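Below: the structure, in structure tokens.
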Amino acid sequence: MNQKVFSGNYFIKLVSITTLIVLLASCGAGRTGLSRKSTTTPQQKDVLDYSKKYLGKPYRYAGKGPNSFDCSGFTSFVFKKFGFRLNSSSAGQDKQFPSITRKEKLNKGDLVFFEGSRRNGRVGHVGIVTETLPNGEFRFIHASTTSGVIISNSTEPYYASRYLRGGRVLEENSFIEVSKQTGPESAELTPKTLTPAIITITQTDQSKNPELLSQQDAKERRDEEKKVAIVKSEVVLPRETAVVPPPTETHIVQPGETLYSISRKYGCSVEQIKKWNPQFDSILKAGEKLYILPGIN
């Protein structure tokens with residue numbers, strides 16, 4: 001009899017523990033489904049924190065800040081703080097950066113583009129993603145014509161019916177996305193910017209034996225050896241910017257770095273780095289070299 005009672009109590013306890021584990025697991029699963037990407041990188045945090053300082057600022061056509069903004073003026077103002085030069089119009093910003101065609105690929109700090117009131121398929125409005133949600137939905141901060149700088153949800157009917165695509169300003173967002181992709185999906189990012197200028201130096205073939213050359217060939221070879229061929233590229237550097245003073249330090253650009261993050265590392269300003277490196281644009285490429293000259297203004 002006692003053995004039966006003991007077995008019954010043991011069975012009840014086992015069922016209770018199992019039920020409790022299932023409930024806890026289901027609660028945990030519910031919480032993780034609230035946000036698609038809960039982590040925020042330092043660069044994303046800096047951009048979003050700075051943008052939110054201007055919540056409530058009024059809308060003004062062609063407003064560039066800091067007291068009033070239009071939509072493209074707001075995004076330009078925010079990213080300028082971190083060393084990026086954005087086009088003055090929302091349509092120009094759309095053409096300036098790699099496109100993100102699927103909402104599921106958006107990250108915090110990405111630009112998001114919408115049609116204007118005319119619904120003509122053209123970019124007429126822009127904002128910055130502040131939060132990514134399930135099913136590709138997101139929240140974004142922007143300068144709206146009716147409420148000034150606010151945070152809106154992509155599910156709001158006006159914006160849901162006008163959404164076009166995203167744009168990637170922060171390079172670290174590309175590395176975040178690439179690390180999650182395996183296969184053809186990595187082609188989602190389509191660069192629209194020009195390929196950086198490539199300067200190559202060529203030398204004549206040293207394998208030829210000068211003794212076998214005619215006098216005319218030898219002369220042509222000597223003339224050729226004095227020349228340096230520079231391959232034409234899409235970007236031509238001004239002559240006065242081609243010479244850079246001997247650097248005190250050389251910084252190799254790492255994935256996700258910007259002029260802003262590099263300036264913080266070396267205790268200088270973005271403007272100083274631009275002055276020391278006139279050959280580079282605001283958007284850096286991983287592996288490039290930047291010259292850092294502490295003490296030189």
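Just so you know, all these numbers are worked out from the coordinates, no wet-lab data involved. Predicted model only: the values in this text are computed from it and were never measured. Cβ coordinates were reconstructed from backbone atoms using ideal geometry, including for glycine residues, and neighbour counts include every protein chain displayed.
Brief remarks on what is shown
- Part-to-part distance (alpha-carbon centres) for region 151-174 and region 68-82, which is given in Å: 16
- Calculated diffusion of region 42-190, Stokes-Einstein form, Kirkwood radius summed over Cα pairs, 10 °C and 1.306 mPa s, µm²/s: 104
- Report note on the peptides 71-77, 54-60, 104-110: ranked by the mean count of other C-beta atoms within 10 Å, highest first, their order is 71-77, 104-110, 54-60.
- With R₀ set to 30 Å, the beta-carbon distance separating GLU271 from ILE150 gives a calculated FRET efficiency near 0.45.
- Pairs from LYS53/LYS289; LYS45/LYS105; LYS57/LYS275 whose Cα-Cα separation, in the structure shown, is over 30 Å: LYS53/LYS289; LYS57/LYS275
- Packing-based exposure ordering (other Cβ within 10 Å, fewest first) of THR39, THR155: THR39, THR155
- Other residues within the sphere of radius under 14 Å centred on the Cβ of ARG162, judged by their own Cβ, net out at +2 (K and R +1, D and E -1).
- Site pair TYR158 and GLU104 shows an inter-label distance of 3.0 nm when each label is modelled 7 Å from Cα along Cα→Cβ.
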